[in-house]
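The values are calculated or read from the model by the stated rules, or taken from the named source; none is laboratory data. Small disclaimer: the values here were computed from a predicted structure and weren't measured. For neighbour counting, all protein chains shown are included, and Cβ atoms are generated from backbone atoms with ideal geometry for every residue, glycine included.
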Amino acid sequence: MAKIFAPVESGLNPAHDFVVEREALRFAAEAGVPVSTPTAFGCIEDAYVFRYIRMEWVDGREAGDVLPGFGAAELEGFVQAFKGLLRKLNRQPSRRLFDPIDAVERAVHNPRLSALPDTLAGDMRARARAAKASASVFVHGDLTRENVLIRPDGGIVVIDFADSNIAPAE
């Protein structure tokens with residue numbers, strides 16, 4: 001399995017995503033969170049410059065495809081296991097991983113708010129500004145049904161850490 005980042009020429013800041021993914025995978029694995037283990041990383045140059053991370057194959061399916069077939073007891077087990085993994089992830093790193101973000105400013109200036117009615121967007125901005133943040137913790141940044149895999153034995157594997165960041169906890 002390989003993750004290939006957008007070419008340098010795209011203007012999407014792939015160097016940042018590459019560093020974040022590598023460091024976040026290491027952090028998560030050290031925290032005891034099952035991830036696809038990196039086996040190699042590097043850069044390929046041809047007409048464009050691509051960074052890549054090669055990882056071990058994970059025998060699993062996306063949670064979004066599996067969870068609808070779960071019964072109540074299986075769903076409860078998944079939720080409890082996933083909460084346990086989040087407790088391991090959402091903690092202060094013991095070393096610097098990458099540059100932290102200003103989560104309040106990011107929320108206040110989120111371009112997605114422009115799609116909302118002005119009153120709702122204004123309320124969400126006000127709530128973000130009023131949030132009292134405590135110590136900064138590691139945050140995956142993109143936990144979606146596609147980025148959580150479920151193995152045949154029910155084990156959970158978290159993937160795609162490129163949007164991870166260090167952000168204040170509430």
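For the reader, a short list of remarks on this structure follows.
- Scanning segment 57-96 for residues that are of a type in the set (D, E, K, R) and outside any loop (DSSP other than H, G, I, E, B) yields Arg61, Glu62, Asp65, Glu74, Glu76, Lys83, Arg87, Lys88.
- Residue within segment 122-136 that is farther than 28 Å from Val33 by Cα, of a type in the set (A, V, I, L, M) and either assigned to a loop (DSSP other than H, G, I, E, B) or touching a Leu at 6+ places or on another chain (Cβ under 8 Å) (or both) present: yes
- Residue match in segment 52-59 (condition: modelled with pLDDT of 85 or more, out of contact with any strand residue (DSSP E or B) (no Cβ under 7 Å at 6 or more places or on another chain) and under 19 Å from Val35 (Cα atoms)): yes
- Filtered residues of segment 14-60 (kept if over 17 Å from the mean Cα position of the chain (by Cα) and polar (S, T, N, Q)): Thr39
- Number of the condition not met by Pro152 [criteria: (1) part of a helix (DSSP H, G or I); (2) over 22 Å from Ala24 (Cβ atoms); (3) touching a residue at least 24 places away in the same chain (Cβ under 8 Å)]: (1)
- Among residues of segment 19-32 that are surrounded by fewer than 16 Cβ atoms within 10 Å (Cβ to Cβ), those with a Cβ under 6 angstrom from a residue that is modelled with pLDDT of 95 or more, sequence gap 6+ or separate chain, pair up as Ala29/Val35; Gly32/Lys88.
- The residue list Phe78, Phe50 contains one member that is surrounded by 15 or more Cβ atoms within 10 Å (Cβ to Cβ) and over 28 Å from Val19 (Cα atoms), which is Phe78.
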